[in-house]
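A quick write-up on the structure given underneath.
The values are calculated or read from the model by the stated rules, or taken from the named source; none is laboratory data. Predicted, not measured: the structure shown is a model, and the values here were computed from it. Cβ placement follows ideal geometry from the backbone for every residue including glycine, while neighbour counts extend to all protein chains displayed. All accessible areas refer to the heavy atoms of the entire protein, side chains included, with ligands and DNA or RNA removed. Shrake-Rupley method; radii C 1.70, N 1.55, O 1.52, S 1.80 Å.
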Amino acid sequence: MTVRHHLDKNTLMRFASGDLDDAFSVVVASHLAMCEECRNELRMAEDIGGSLIESEEPAELAPGALERIMSSIDVAEAPLQRRESLARDVFADVPLPLRRYVGNRLDEIAWKTAAPGVKRKRIEVDGSSSLYLLHIGPNKVVPEHGHGGAEMTLILSGSYQDALGRFQPGDIADLDEHIEHQPRVEPDAPCICLVATETQTRFKGFFSRLLQPLVGI
Amino acid sequence: MRSVAETTVILDDDVHQASMEAHKRLMEQIVRTGDRAAFKALFVYFGPRIKALMIKAGAEQAVADDLVQDVMMTLWSKAHLYRPDRGAVSTWVYTIARNARIDRLRRRSSQPYDDLDDVELASEEADAEACTLASQQSEGVAIAVADLPEDQRQIIECAFVQDLSQSEIAAKLSLPLGTVKSRMRLAYSKLKRRLEVYQ
Ligand SMILES: [Zn+2]
């Protein structure tokens, strides 16, 4: 998989320091699962945390802390042996961090029609941001929209084009609130993407306003 | 000839590097034989540092102490998941502490991070060269972080240690949110450039 559109570096740092909410963490983790390049960058960002923990001035532990942990590990089992990885389903095309929400296969997702040519699967997560999958038909144009807040779109299948280029599986559009875009799905296949939005997306224009309550994003 | 100051820095790095390798060996002993003494040594080193981190992130003393126990328990029970080709033991300890902080202090889910570990688990076994490179990178990051300009280092510290969100950082430092974001990106690319020698 050749990924061309990656995470914004600020997003990567926020993920490394644990600052993203659940919806955005799932999208970022799903991109990372598909993108070795960003996984390497994440390690570097996490090394920052490692170096800071090393340079911390040690705090005094509560009395008996050492005895407490030593008796906990006595009760616990010996360190687990290498557990079997969840990543063993060879037919799975859903990225691992998303599987606990929607299962392993894209063709087994229970879609709901949201608008002509647009199907949706809402994913329940804690927090104020929303997370959903979209299935958009070939040639379909998503109305031009700015964002009330940050928005991230990860392509899982198919492709679309907009002013920022062509987005294929693994590519992520990690957009700031001020960017407007108008994706057009390519003719050969529908596009399935995972989307997190910070607040209500504000569609512009007549069709858009028509579509918005239906898409419900 | 090296100046005295330069020599001192290099000696410090050697000491740091030595402790990094020592920590990796302790992890190996835990995985191989369930070595309690090795675990104890890691607890004595990391326990008080984890606690310091949690207190700076806003935890009460008792909560910080509980979190030390949780993090070190995870280190013990998931020792086999530590990948020396992914970085120093301290980097791994940081990720466990971060996840505990997300679950306990932020009351969100660290599940996406665990699932991502599973992706790494499915990938190939580490070779010796990758482990050495990872150690060099961890070491390089530590030096580069200490060297960052104060305004960038401060933002990193707020995010990674004090666990502040970007808008909290903006408010605390009286900066526009956009400036916080751009300083974060600047810090990132500065570190990255410093590390190019290892790649
Ligand atoms: Zn990437």
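In table form, for the structure just shown:
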| item | result |
| --- | --- |
| Amide H contacts under 5 Å for A:A114, placed H, 5+ residues apart | A:K119, A:R120 |
| B:T179 accessible area, 1.4 Å probe, all protein chains in place, Å² to nearest 10 | 40 |
| Cα-based reach from A:K140 at 16 Å (exclusive), listing lysines while leaving out same-chain residues under 8 positions away | A:K119 |
| Residue order for B:R108, B:R98 - accessible surface, 1.4 angstrom probe, largest first | B:R108, B:R98 |
| Quotient of C-alpha Rg and 2.2 N^0.38 Å, computed over segment B:148-199 | 1.19 |
| Those aspartates and glutamates that a straight Cα-Cα span of less than 16 Å connects to B:K78, excepting residues fewer than 8 apart in one chain | A:D74, A:E77, A:E84, B:E28, B:D35, B:D70, B:D114, B:D115, B:D117, B:D118, B:E120 |
| Listing of segment A:3-23 residues, each with accessible area lower by at least 40 Å² in the full protein assembly than in the chain alone (probe 1.4 Å) | A:K9, A:N10, A:M13, A:F15, A:S17, A:G18, A:D19, A:D22 |
| Peptide ranges A:8-16, A:126-134 listed from the most packed, as the mean C-beta count within 10 angstrom indicates | A:8-16, A:126-134 |
| Apportionment of accessible area to carbon and sulfur, chain B, percent (1.4 Å) | 54 |
